[in-house]
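Just so you know, all these numbers are worked out from the coordinates, no wet-lab data involved. What you see is a predicted model; the values in this text were computed from it and never measured. Counting neighbours? That spans all protein chains shown, and the Cβs are built from the backbone with ideal geometry, glycine included.
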Amino acid sequence: MANQPELLVEELALLGEGPLWLPESKMLMWVDIEGMCIHQYSPGMDVKEVIRVGERIGAVVPAADGRMVCALQSGFAYLDLTSKGLEPIADPERDWPNNRFNDGKCDPAGRFWAGTMPLEGDSPAGALYRLDGSGMVTKMLSGVGCSNGLAWDAAATSMYYIDTPSGRVDRFDYDVLTGNIKNRRAAFHLPSGQGSPDGMTIDLEGMLWVAHWGGSCVSRWNPVTGKCLETVSLPVSQVTSCCFGGEDLDELYITSARAGLSEEQLRTEPLAGGIFKYTPGVRGVPANVFKLK
């Protein structure tokens, strides 16, 4: 292991998720789902800002016109970073008030994929949706327990996906022209006793980095061979997601959560909910941008 992860910023989120690096502004964003807000932080400048959205938010992605697109409990919406105003786009689960959106990312063609999960329980009541630049929403998967990590390979022929209760990372054949997916199969399973797969990202070598909810680590995997290549331990148990950032995309930013931990657990994990930085010795790829039509 090249080094040890370190605390980047002590903004202790209830449920930190969805880290996103914006290269042009050199800014890191992430959401606090239960805190109902978006955090912005500029490493090196120590500039922080909190945008409160008034409801649970599962993910935020950049749009080509400078706005952001959010996956809120009330559906997809544009966010103007200047006015902080929200503009609704579509709510595919308006008839499912006991669900909320969770993780999401844009694909190589600029479509926004985000999935849902039940607010309580572990029933497979969630789904995975695709928002196109025209504003049209398509349900891509149903029967989802907790929709989580997404990644696409450099060739734009494979999509990787995590439904957390499954304990595995799945691989789909992906058509970049149509946005369709097929031929779902397991790429690999997380070993028993190492928590559940949560968010993930992909590096320049095509390897996947997976956050372990309840497992106190992130791990690096070869999705073709199914082999674990590295495990990075963290001083928090509920590791939620990760993304590459920094000027050279050579830093791994890792989110975590403190919601649901007992007072005793919080005493042993005082940094739970913090954002961590790890230098893995490999670079990542820039986040895809939502393209409007």
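Things worth noting here:
- The order of the peptides 197-209, 92-104 by mean Cβ neighbours within 10 Å, most packed first, is 197-209, 92-104.
- Those lysines that a straight Cα-Cα span of less than 30 Å connects to LYS293, excepting residues fewer than 8 apart in one chain: LYS26, LYS84, LYS105, LYS139, LYS182
- Taken as Cα centroids, the stretch 71-116 and the stretch 175-212 sit 21 Å apart, rounded to the nearest whole angstrom.
- Computed over every Cα-Cα pair of the stretch 6-278 and binned at 10 Å starting from 0, the pair-distance distribution P(r) comes out as 7, 32, 40, 20, 2, 0 percent.
- Förster radius 35 Å - calculated FRET efficiency between ASN180 and GLU24 (Cβ-Cβ, nearest 0.05): 0.65
- Take every Cα pair under 8 Å whose residues are at least 6 apart in sequence, average their separation, divide by the length of the stretch 6-278, and the relative contact order is 16 percent.
- Environment charge at ASN148 (Cβ cut-off 10 Å; Lys +1, Arg +1, Asp -1, Glu -1): -4
- Length-normalised contact order for the stretch 178-278 - Cα pairs under 8 Å, 6+ apart - percent: 19 percent
- Taking every alpha-carbon pair under 8 Å whose residues sit at least 6 apart, the stretch 188-229 reaches a relative contact order of 31 percent.
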